[in-house]
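The structure appears below as C-alpha cells.
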Amino acid sequence: MSNVSVFAVVVTYNPNVDLLKKMINSLSNQVSGIVIVDNASINITEVKGCILEIYPSTIFILNEQNMGLGFAHNAGARKSISVGASHVLILDQDSIPDHDCIANLVQTEKDLLLKGVRVAAVGPVYYSEKTGEVYPITKFRGPFIDRIDPKDVVVEASFLISSGCLIRIEMFDKVGFMDEDLFIDYIDVEWSFRAAFKGYKLIATPSARMKHSIGDERKVVMGRSISVHSPLRRYYLSRNSIYMIKKSYIPFGYKLRESVFNTLRLVIFVLLSKDKGEYFKYSIRGILDGVKGVKGRFPHKYS
C-alpha cells in the first residue's frame, strides 16, 4: 500500500456551484488529483471557473450530451488510471467528505488487506448536514434487509453507495468497470453484487464520514423515511430493477425482494406523486422496457 495516489472522480450535471465549491475545497488537501466528468451541464463555464480557481490541476472530461453515470464513472476511472492513480474515489456532485475521510478510507483498506480480507471497495458513513441523521448500512439477508447502525467498527455491507466509494485500480481488472447499460440507478448495487459474486467484500467504515443527499425528496410512509424521485428517475429505477432480476449472479433473495417491491413501489410512489398520471406512465414504461431488455438512455419521446 505504499505510493498511494487517490484520484477523485466527480460526475457533474447542472450542479449547484456553491455546493460543488465546498466539495472541491474539502477534496483539495485529501487527494492526489481530481477528474471532473461533466454530462453536458448548462453551467459548465461557471463550473470550470470555480473549480480551477480552487484546484488548478483539475482534469476535465466534457461530454457533449448526458452519457449517464456509469459511462462517466468509467471515463473518470480510466483517465485516473492513465495518469498513475492507485485508487479511484467516486463522488456525486452533492457529496462533501469530512476533512479526514479519504485518509481513513485508505487506512481501513490497508488494515483489512494486511489481515487477508479480500476488499473490493471501502465506503464512508453518510450523514445529513441538515438533520445530522446517520444513514444505516444495508445488509441483505435473503429477501430481508438489516439496517445496521454504524458505530465504532467496520461493517461488511451488501452494497456501497457509489459516492464516496474508494476502489483500488486492480479491482477494475478483477471485477470490471461500472455497467454503462444502466445509465443511472442500481449502478453501485450491480457492481457490489458482481464483486461479492467474485469473492470480494464491500466495507463501510465509521472512521470516514461524508455529507450526502439521498433522493430528490424524502417522505415518511408507515413510519419509514423513503426517497421520492422524479417520474423519469422512476423509469430508470423500474427498468433497472428488472435488469437486476435477470442477472445470474444476483442473489435469489434480492431478486425476490425486487419482484415484490416493484409492485409496492408503483402503488406507493404513484399515490405520493403530485402528477400521478406521469408517474404511472413512466413506471409502467420502465417495467415493460426492463422485460424487453431495453438499456441505456431513456429511449422514448414523452413530454
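Every number here is computed from the coordinates shown, using simple stated rules; none is lab data. As the structure is a prediction and not an experimental result, all values here were calculated from the model. We place every Cβ from the backbone using ideal geometry, glycine too, and count neighbours over all the protein chains shown.
Using R₀ = 25 Å, calculate the FRET efficiency as 1/(1 + (r/R₀)^6) where r is the Cβ-Cβ separation of H99 and F60; round to 0.05.
Efficiency, rounded to the nearest 0.05: 0.50.
Can you tell me how much longer the chain between S82 and K151 gets when fully stretched, taken as 0.36 nm per residue apart minus their C-alpha distance, in nm with one decimal?
In short, 21.1 nm is gained.
Residue by residue, what Karplus-based ³J(HN,Hα) values in Hz, rounded to whole numbers, does the range 194-211 have, using 6.51, -1.76 and 1.60 with θ = phi - 60° and x for Gly and Pro?
Once θ is set to phi - 60°, the couplings for the range 194-211 become 5, 5, 5, 4, 8, x, 9, 10, 9, 10, 10, 10, x, 6, 10, 10, 8, 6 Hz.
Taking a virtual spin label 7 Å from the Cα of L113 along the C-beta vector, which residues in the range 145-162 bring their backbone nitrogen under 20 Å of it?
Flagged as within label range: 154-157, 160.
In debye, nearest 20: dipole of the chain around its Cα centre with unit charges on the Cβ of K, R (+) and D, E (-)?
The dipole of the chain has a size of about 1080 debye.
Over the Cα atoms of the range 59-128, what Rg and Dmax result, in angstrom?
Reported Rg and Dmax, both Å: 14.4, 45.
May I ask for the distance between the Cα centers of the range 225-283 and the range 18-93, given as a whole number of Å?
30 Å
For Q93, enumerate residues with amide H under 5 Å from its amide H, sequence gap 5+ or separate chain, H modeled in the peptide plane.
Amide H to amide H, under 5 Å and 5 or more residues apart or across chains, Q93 pairs with V11.
Can you give the FRET efficiency to the nearest 0.05 for V134 and H300, using r as the Cβ-Cβ distance and R₀ = 30 Å?
The calculated FRET efficiency here is 0.20.
Of the DSSP beta bridges with both residues in the chain, give the percent that are antiparallel, rounding to the nearest 5.
Roughly 50 percent of the beta bridges in the chain run antiparallel, per DSSP.
Out of the trypsin sites (Lys or Arg not before Pro) in the range 112-205, which ones are loop residues according to DSSP with at most 11 other C-beta atoms within 10 Å?
K115, K130, K151
Placing +1 at every Lys and Arg Cβ and -1 at every Asp and Glu Cβ, with all other atoms neutral, what dipole size does the range 1-135 have around its Cα centre, in debye to the nearest 20?
Around 440 debye, computed over the range 1-135.
Going highest first, how would you order 237-245, 105-113, 269-277 by mean Cβ packing within 10 Å?
Result, highest mean Cβ count within 10 Å first: 237-245, 105-113, 269-277.
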